Amino acid sequence: MSTPHLPRQLTRTRRFTLGAPTRFTVAPDGSRVLFLRSRAGDDPVGCLWALDPATGAERLLADPAELLGGAADEVPEEERIRRERARQQASGITDYATDTATQAAAFALSGQLWVVDTASGAVRQLPARQPVVDPRPSPDGRHIAYVSGGALRVIGTDGSEDRAVAAPDPEDGPDVFFGLPEHVASESMGRHRAYWWAPGGDRLLTTRVDNRKVLLWYLSDPADPAKPPRTMRYPQVGTANAEVTLWIADLAGNRTEVRWDRAGFEYVATAGWDAHGPFAAVLSRDQRTLRVLAVDPADGATGLLSERTDERWVELLVPGVPARTATGLLVDYLDRDETRHLSVGGTPVTPEGLQVHEVLAVDGETVLFVAATEPTERHLWSYRPGEGVRQLTEQPGVHSGVLRGDTLVRTTRTLDRPGSRTTVHRAAEDGRPEPGGPTPVEITSHAQRPLLELRVERAAVGPRRLRTHLFLPSWHGPGDAPLPVLVDPYAGPAMQKVLAEQSSHTFVSQWFAEQGFAVLVTDGAGTPGRGPRWEKEIFGDLIGPVLDDQVAALHATAERHPELDLDRVGIRGWSFSGMLAAAAVLRRPDVFHAAVAGAPLTDQRLYDACWKERFLGQPDRYPEHYETSSLLADAPELSRPLLLMHGLADDNVFVASTLQLSSALLAAGRPHEVLPLSGMTHASPTDDTFARLLGHQLEFLQRHLAGRTDGVPGRDERVG
């Protein structure tokens, strides 16, 4: 099978996300569904569309090319940072928000504010102060709030009365701002919002961020010595965080501060404003106690709705909670031993073994959520008091959705077909389409089909039943020569790679397989999907338990597949798995014979406080945790080939991490290779650099594992 063009296709299609519908909003009466989609699978410009579920007809509501008259989309720095934190790689319209009736949709484009009448399709640019970031209409559709120049502003939907409702004092400087999340909120807590409208549209709840006590770090471009370094406030492990406060602002600019024990609870994990009033979830610095607070909008006083504690850490990455039903019951999650339950009104409502991953919608008393008993799958479920929980999807795969009234938008990804399938179901009781109801309408996807097919085996191996994917070359058969092995995990607490879906990760693994490797992907200790006890096995040691599971899965898989050559084992990774790859050759050279480590964090103290203190504790109390999880002291032990790669513009894992390990290796007299990537951030590049990076990794692995630099079966031209 010819595969050389897959890396370029991954770049050109932004990992097959372009052309696929996303970001669905359902009108209250189900008369229309809004969504974003580019015109083709290689078109990066997102457009806003509307679907009529009754007829299946689509309307183009907003096309950036038309609105900008063919001019390039000039992305403001605040918006660039927002997209980087949200891992958005498209351009054009990348996000939007609507009023309650879904009559008005607002979005930012090239720093300008635009509003669409979704019924008529009329689009207008409003004379808002530029640049505009994160615009959101009021629930009644009369105003649009947005952030510009560090201030939260409001403008009438008719373009009148543009004014600041929450602005920093002039002497505060650029390190104080309203309405945008601080670094750790969007990078480490999953909170990408920082203001919320009151249901009546007359007030807003907003954060105020004061970064002045946060360390100042610098990002320079060594390829351009005349260019001054970019400065940023970075809350390093063990140092001061941003000071985040909450305020209630009315449309006249009057503000009331929300009061809670900020000394004991310095993180604002999430917040919101529903029919029962404003609320906030606040977290202690050691992340062992989280409180959900009701806020009195009159004076900012707070009252306790719930409190959760954990001797290791309280999990924050459960999207959609806390929330409240129409009758005021608190929707949240509850960890009990090995199961993460959905809780309503403080009571767990899901059975043992069903792991809750996300709450998608709370509509009246109905809760739509994602949960599964099998770690590699994600299914839609609904809950309603008196009726309990109901499973809405059966097909093995990864399912998600949006529910409003009697309309369910359901998106499904499976391992036996590429891309996603999105269908709109009417007359959906509790989210489950009624038998004999209207025929579901499918929203067209223009995403490209991958240039290769998967040859993947799913398994649960060893005593711990570690979930694995094994990718083999399409051309390899019984009796063929044994294959060198490439271990290709992520393996960190932020995500799973072993899921019952075709994703960009699976195709990268298959591409390496086509070049002559058996590629093994394993989700082990600390990864999501196996419950709270499993997730917290990594407390105090981010490397040991994870590396042990990778080795165990490798050996268990080789017992079942004698075609795996355990005398030639490589490992590759980026970010967490980049750290793991470096650790593999440093600590287990008996198992791993070469490693490619991209953007590895080699000293845990070089990361932000919120993320690392969650797993390792505070460094002054647990210094041994940081030593155990650091790679710098292991440098003299290197005896295997190691390639280090790092983006010089990375503001997530700073290049200092790679440079410090390289210096330690050099001081110990240990040869290694370093590939600096000028101008590249932590995210995957969106140009041919990605393809060339894969090609460079391939050449390195073939040189050290296969003993060759010429092609192998299935590979007929160089990449890049």
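Look through segment 368-403, keep the residues that are under 16 Å from residue 332 (Cβ atoms) and touching a Gly at 6+ places or on another chain (Cβ under 9 Å), and return whichever of them is modelled with the lowest pLDDT.
Keep residues of segment 368-403 that are under 16 Å from residue 332 (Cβ atoms), which gives 368-371, 381, 383, 385, 389.
Restricting the remaining residues to those that are touching a Gly at 6+ places or on another chain (Cβ under 9 Å) gives 368-370, 381, 385.
Working: 368: 97, 369: 98, 370: 98, 381: 97, 385: 94.
Among those residues, the one meeting the criterion is 385.
I need the full set of residues from segment 360-391 which are outside any strand (DSSP E or B) and within 26 Å of the chain's Cα centre (by Cα), in order please. Break it down into steps so the answer makes sense when it comes.
Of all residues in segment 360-391, those outside any strand (DSSP E or B) come to 364-365, 373-377, 385-387.
373, 374, 375, 376, 377 - these are the residues of segment 360-391 that are outside any strand (DSSP E or B) and within 26 Å of the chain's Cα centre (by Cα).
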Problem - residue 481 vs. criteria of a type outside the set (Ser, Thr, Tyr), at negative phi and in a loop (DSSP other than H, G, I, E, B) - result: yes
Problem - Only one of 686, 709 that is exposed (fewer than 15 other Cβ atoms within 10 Å of the Cβ) and at pLDDT below 95 - result: 709
Fill in the blank from the handout: Cβ pairs under 6 Å, 6+ apart or interchain, first in segment 547-561 and farther than 12 Å from residue 523 by Cα, second at pLDDT 95 or above and in a helix (DSSP H, G or I), ordered by first then second residue, are none
Practice task
Taking the residues in segment 147-188 that are without any contact (Cβ under 8 Å) to a residue 40 or more places away in the chain and in a strand (DSSP E or B) as candidates, determine which candidate is nearest to residue 116 (Cα to Cα).
Solution key: 156
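Within the bounds of segment 42-53, is there any residue that is farther than 30 Å from residue 364 by Cα and without any contact (Cβ under 8 Å) to a residue 12 or more places away in the chain?
Taking segment 42-53 and keeping what is farther than 30 Å from residue 364 by Cα, we get 42-47.
Among the residues that remain, those that are also without any contact (Cβ under 8 Å) to a residue 12 or more places away in the chain are: none.
Scanning segment 42-53, I find no residue that is farther than 30 Å from residue 364 by Cα and without any contact (Cβ under 8 Å) to a residue 12 or more places away in the chain, so the answer is no.
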Exercise for the section: Select from segment 572-604 the residues that are outside any loop (DSSP other than H, G, I, E, B), under 19 Å from residue 665 (Cα atoms) and touching a Pro at 6+ places or on another chain (Cβ under 8 Å) and list them in ascending order. Expected result: 578, 579, 580, 581, 582, 585, 594, 595
Problem - Residue ID - nearest to the chain's Cα centre (by Cα), chosen from residues in segment 202-243 that are among the charged types (D, E, K, R) and within 30 Å of residue 295 (Cβ to Cβ) - result: 233
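Answer yes or no: is there a residue in segment 123-141 that is of a type in the set (A, V, I, L, M) and surrounded by fewer than 19 Cβ atoms within 10 Å (Cβ to Cβ).
The first filter runs over segment 123-141 and keeps only residues of a type in the set (A, V, I, L, M), leaving 123, 126, 128, 132-133.
Subset that is surrounded by fewer than 19 Cβ atoms within 10 Å (Cβ to Cβ): 123.
Scanning segment 123-141, I find at least one residue that is of a type in the set (A, V, I, L, M) and surrounded by fewer than 19 Cβ atoms within 10 Å (Cβ to Cβ), so the answer is yes.
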Practice task
Return the pairs, sorted by first residue and then second, in which the second residue is modelled with pLDDT of 95 or more and basic (Lys, Arg), the first residue lies in segment 604-617 and is assigned by TED's automatic domain parsing to the domain that holds residue 540, the beta carbons are less than 7 Å apart, and the residues are 6+ apart or on different chains.
Solution key: 604/612
Practice task
Scan segment 314-329 and report the pairs whose first residue is of a type in the set (D, E, K, R) and whose second residue is crowded, with 19+ Cβ neighbours inside 10 Å, with Cβ atoms within less than 6 Å and a gap of 6+ or a chain change.
Solution key: 324/330
Fill in the blank from the handout: Picked from segment 300-341 (must be among the aliphatic types (A, V, I, L, M), under 20 Å from residue 531 (Cβ atoms) and at pLDDT 95 or above), the residue nearest to the chain's Cα centre (by Cα) is 321
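Condition first: aliphatic (A, V, I, L, M), surrounded by 15 or more Cβ atoms within 10 Å (Cβ to Cβ) and modelled with pLDDT of 95 or more. Can you find one or more residues in segment 216-236 that meet it? Outline the logic, then answer.
As a first pass, look at segment 216-236 and keep what is aliphatic (A, V, I, L, M): 216, 219, 223, 226, 232.
Next, from what is left, pick out any that are surrounded by 15 or more Cβ atoms within 10 Å (Cβ to Cβ): 219, 232.
Next, only the ones that are modelled with pLDDT of 95 or more stay: none.
Looking for residues that are aliphatic (A, V, I, L, M), surrounded by 15 or more Cβ atoms within 10 Å (Cβ to Cβ) and modelled with pLDDT of 95 or more, one finds none in segment 216-236, hence no.
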Exercise for the section: Please work out if residue 656 is farther than 27 Å from residue 316 by Cβ and not basic (Lys, Arg). Expected result: no
Problem - Answer from 191, 208 - the residue that is assigned to a strand (DSSP E or B), charged (D, E, K, R), closer than 24 Å to residue 132 by Cβ and not assigned by TED's automatic domain parsing to the domain that holds residue 616 - result: 208
Problem - Among the candidates 106, 101, 57, 164, residue that is under 21 Å from residue 247 (Cβ atoms), hydrophobic (A, V, I, L, M, F, W, C) and modelled with pLDDT of 95 or more - result: 164
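Is it fair to say residue 259 is surrounded by 19 or more Cβ atoms within 10 Å (Cβ to Cβ) and under 19 Å from residue 294 (Cβ atoms)?
Working: surrounded by 19 or more Cβ atoms within 10 Å (Cβ to Cβ): no; under 19 Å from residue 294 (Cβ atoms): yes.
So residue 259 fails the test.
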Problem - Criterion: surrounded by 14 or more Cβ atoms within 10 Å (Cβ to Cβ) and under 30 Å from residue 104 (Cα atoms) - qualifying residue of 252, 198, 240 - result: 198
Completion exercise
By residue number, the members of segment 144-161 that are farther than 26 Å from residue 174 by Cβ and at pLDDT 95 or above are 156, 157
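Is there a residue in segment 655-666 that is part of a loop (DSSP other than H, G, I, E, B) and in contact (Cβ under 8 Å) with a residue 40 or more places away in the chain?
The first filter runs over segment 655-666 and keeps only residues part of a loop (DSSP other than H, G, I, E, B), leaving 655.
Cutting the leftovers down to in contact (Cβ under 8 Å) with a residue 40 or more places away in the chain gives us none.
So far as segment 655-666 goes, no, none of its residues is part of a loop (DSSP other than H, G, I, E, B) and in contact (Cβ under 8 Å) with a residue 40 or more places away in the chain.
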Practice task
For segment 490-505, name all the residues that are within 15 Å of residue 10 (Cβ to Cβ) and either in contact with a Gly (Cβ under 9 Å, 6 or more places away or on another chain) or assigned to a helix (DSSP H, G or I) (or both).
Solution key: 502, 504, 505
Problem - Every residue from segment 619-670 that is within 11 Å of residue 604 (Cα to Cα) and not small (Gly, Ala, Ser) - result: 619, 623, 625, 626, 627, 628, 631, 632, 653
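The values are calculated or read from the model by the stated rules, or taken from the named source; none is laboratory data. Remember, it's a predicted structure, so these values are computed and weren't measured experimentally. No Cβ is skipped: glycine too gets one built from the backbone with ideal geometry, and neighbour counts run over all protein chains shown.
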